[in-house]
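Asker: Handing you a structure now.
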Ligand SMILES: *Cc1c(COP(=O)(O)O)cnc(C)c1O
């Protein structure tokens, strides 16, 4: 058996660990940038009435045009741009890589950033190159970027805006310099757009090598798995060829259409999360042993003297956050907490103070 594995599984896949999702049963779950709020009983009832119409014996609408129409409306996507849907934006990252992958072609991304860029480059036999961000504020080091672009001629560049796990946005001027210097595709990943003050959507119409991704996951619909790619029809027609038919299932389509008709509910929740983020940041900064960075997303990155021990102590208390220590040198002793409800944030702060006093 082992011989079969070593003979046939690609070495770079054997070396990987599958994406790890820690168990969170009965825990205060502040590790995955989920929206903490459920819908009220009345809205759930209306939603269930919609689901009753689902025809599970039939394949879903292959174009999912009603979903796209709803997204176009609430996100004000310009008419000249098309939308391509994915089973989460993770799938869209994979579709992009499949479209351009050839041996020795490079995927470029800032570091630290979203781990799927590297993983999917590996899945698709591409080379991954990370460009380190400035160590103090995680901003773009433009000179290093321009040198990396000249050297590697990346086929695909991913820029998360705001960035995960650092929570900051980058200078638009510097991003445009990167776009102008790059011959390949530059993908702006706006997964955290609902919590950010600024969008780069306008760059898609201005540059022929720019596409933009968004997702409903962080907005409050992580369970649905719906991501989107926005760009010119010329690009999206090509990428659509590697999409598996029916990738957006019937329940997701019906639920998304329903949720987008009640967009103001989600909007109100994200506004609350933004307010609570301000409070949580202030409370974290009031703790002496903590250094917390500003955030344009629904999480906060912070540094403590001993991240692994603080993380474990919190876990023992039933509070799950994300430990980033060991993931990247710039993230030494860093932890990431998702903004939860006011009560969850309080429980986390109390737990954190207890942990810091005991490790
Ligand atoms: C969460 C996240 C995604 C993936 O979102 P899904 O749509 O749930 O697959 C993409 N990019 C970034 C930067 C993220 O943090």
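Asker: Say whether the condition of being under 14 Å from residue 131 (Cβ atoms) and crowded, with 22+ Cβ neighbours inside 10 Å is met by at least one residue in segment 183-192.
Answerer: Yes, segment 183-192 has at least one match.
Asker: If you don't mind, another one. State yes or no: is residue 314 touching a strand residue (DSSP E or B) at 6+ places or on another chain (Cβ under 8 Å) and either assigned to a strand (DSSP E or B) or closer than 18 Å to residue 192 by Cα (or both)? Spell out how you get there, then give the answer.
Answerer: On the way: touching a strand residue (DSSP E or B) at 6+ places or on another chain (Cβ under 8 Å): yes; either assigned to a strand (DSSP E or B) or closer than 18 Å to residue 192 by Cα (or both): no.
No; evaluated as a whole, the condition is false for this residue.
Asker: Continuing with the same structure: Given the criteria assigned by the TED database to the domain that holds residue 94, part of a helix (DSSP H, G or I) and more than 16 Å from the ligand (Cβ to nearest atom), does residue 257 qualify? Outline the logic, then answer.
Answerer: Working: assigned by the TED database to the domain that holds residue 94: yes; part of a helix (DSSP H, G or I): yes; more than 16 Å from the ligand (Cβ to nearest atom): yes.
Judged against the criteria, residue 257 is a match.
Asker: Here's a follow-up. Suppose we filter 34, 80 for residues that are modelled with pLDDT of 95 or more, under 20 Å from residue 214 (Cα atoms), part of a loop (DSSP other than H, G, I, E, B) and in contact with a helix residue (DSSP H, G or I) (Cβ under 7 Å, 6 or more places away or on another chain); which single one remains?
Answerer: Numbers: 34 fails: in contact with a helix residue (DSSP H, G or I) (Cβ under 7 Å, 6 or more places away or on another chain).
80 is the lone residue from the list that is modelled with pLDDT of 95 or more, under 20 Å from residue 214 (Cα atoms), part of a loop (DSSP other than H, G, I, E, B) and in contact with a helix residue (DSSP H, G or I) (Cβ under 7 Å, 6 or more places away or on another chain).
Asker: Working only within segment 202-215, note down all residues that are buried (at least 20 other Cβ atoms within 10 Å of the Cβ) and away from the ligand (no atom under 14 Å from the Cβ). Before you say what the answer is, go through the steps one by one.
Answerer: At the first step, the residues of segment 202-215 found to be buried (at least 20 other Cβ atoms within 10 Å of the Cβ) are 204, 210-215.
Scanning segment 202-215 gives 204, 210.
Asker: Within segment 121-148, restricting attention to residues that are touching a strand residue (DSSP E or B) at 6+ places or on another chain (Cβ under 6 Å) and part of a loop (DSSP other than H, G, I, E, B), which residue is nearest to residue 173 (Cα to Cα)?
Answerer: Selected residue: 133.
Asker: Keeping to segment 171-201, report how many residues are within 14 Å of the ligand (Cβ to nearest atom), closer than 14 Å to residue 295 by Cβ and out of contact with any helix residue (DSSP H, G or I) (no Cβ under 8 Å at 6 or more places or on another chain).
Answerer: Going through segment 171-201 one residue at a time, the tally reaches 2.
Asker: Would you please name the residue that is farthest from the ligand (Cβ to nearest atom), looking only at residues in segment 106-120 that are in contact with a helix residue (DSSP H, G or I) (Cβ under 9 Å, 6 or more places away or on another chain) and either part of a loop (DSSP other than H, G, I, E, B) or free of Cβ contacts under 8 Å to residues at least 12 places away in the same chain (or both)?
Answerer: The residue in question is 112.
Asker: Please work out which residue is nearest to the chain's Cα centre (by Cα), limiting yourself to segment 317-354 and to residues that are over 16 Å from residue 280 (Cβ atoms) and part of a helix (DSSP H, G or I).
Answerer: Only one residue tops the list, namely 331.
Asker: Show the residue pairs meeting these rules: Cβ distance below 8 Å; 6+ apart or different chains; first residue within segment 61-80 and in the same structural domain as residue 221 (by the TED database); second residue surrounded by fewer than 12 Cβ atoms within 10 Å (Cβ to Cβ).
Answerer: 62/245
The values are calculated or read from the model by the stated rules, or taken from the named source; none is laboratory data. Remember, predicted model here, so these are calculated numbers, not experimental data. Note that we place each Cβ from the backbone using ideal geometry, even for glycine, and neighbour counts take in every protein chain shown.
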